[in-house]
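Have a look at the structure below, then the notes.
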Amino acid sequence: MSVQRLAALWRGESEEEYGLAAVLGTAAIALKAMGEADSIEAAQARATALWQHRPMDWLAHAATRG
């Protein structure tokens, strides 16, 4: 996924299912590996909650950096 597409997904300008699944899946795996969740289901739920409460402007300039 390009940085521009990831930034658009992050800002809510794109609803790309594959990209969102990749982001949430990667976050869930990381949360589980770090011991932040007892099960993959809990990790997926936490990843989803984190995504829903993400700071939308965090990647505001990523698409302009190339």
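The values are calculated or read from the model by the stated rules, or taken from the named source; none is laboratory data. Given the structure is predicted, the values throughout are model-derived calculations rather than measurements. Quick reminder, even Gly has a Cβ in these numbers, built from the backbone with ideal geometry, and neighbours come from all protein chains shown.
R5 fulfils the conditions (1) charged (D, E, K, R); (2) at pLDDT 95 or above; (3) in contact with a Gly (Cβ under 7 Å, 6 or more places away or on another chain) except for a single criterion, (2).
The C-beta contact set for the range 38-61 (first residue among the β-branched types (V, I, T) and modelled with pLDDT of 95 or more, second residue surrounded by 14 or more Cβ atoms within 10 Å (Cβ to Cβ) and part of a helix (DSSP H, G or I), distance under 9 angstrom, 6+ apart or interchain) comprises I40/A28; I40/I29; I40/K32; T48/L24; T48/A27; T48/A28.
The residue pairs whose first member lies in the range 3-28 and is in contact (Cβ under 8 Å) with a residue 40 or more places away in the chain and within 15 Å of M56 (Cα to Cα), whose second member is of a type in the set (S, T, Y) and assigned to a loop (DSSP other than H, G, I, E, B), and whose beta carbons are closer than 8 Å, counting only pairs six or more residues apart or on different chains, are A8/S14.
Residue check: is L31 under 24 Å from S2 (Cα atoms), surrounded by 13 or more Cβ atoms within 10 Å (Cβ to Cβ), modelled with pLDDT of 95 or more and touching a helix residue (DSSP H, G or I) at 6+ places or on another chain (Cβ under 8 Å)? Taking the combined requirement at face value, the residue satisfies it. Would the range 15-22 turn up any residue that is in a loop (DSSP other than H, G, I, E, B), at pLDDT 90 or above and surrounded by fewer than 11 Cβ atoms within 10 Å (Cβ to Cβ)? Within the range 15-22 (the criterion being in a loop (DSSP other than H, G, I, E, B), at pLDDT 90 or above and surrounded by fewer than 11 Cβ atoms within 10 Å (Cβ to Cβ)), the answer is no, since none of the residues qualifies. Among the conditions (1) assigned to a helix (DSSP H, G or I); (2) surrounded by 13 or more Cβ atoms within 10 Å (Cβ to Cβ), the only one that T26 does not satisfy is (2).
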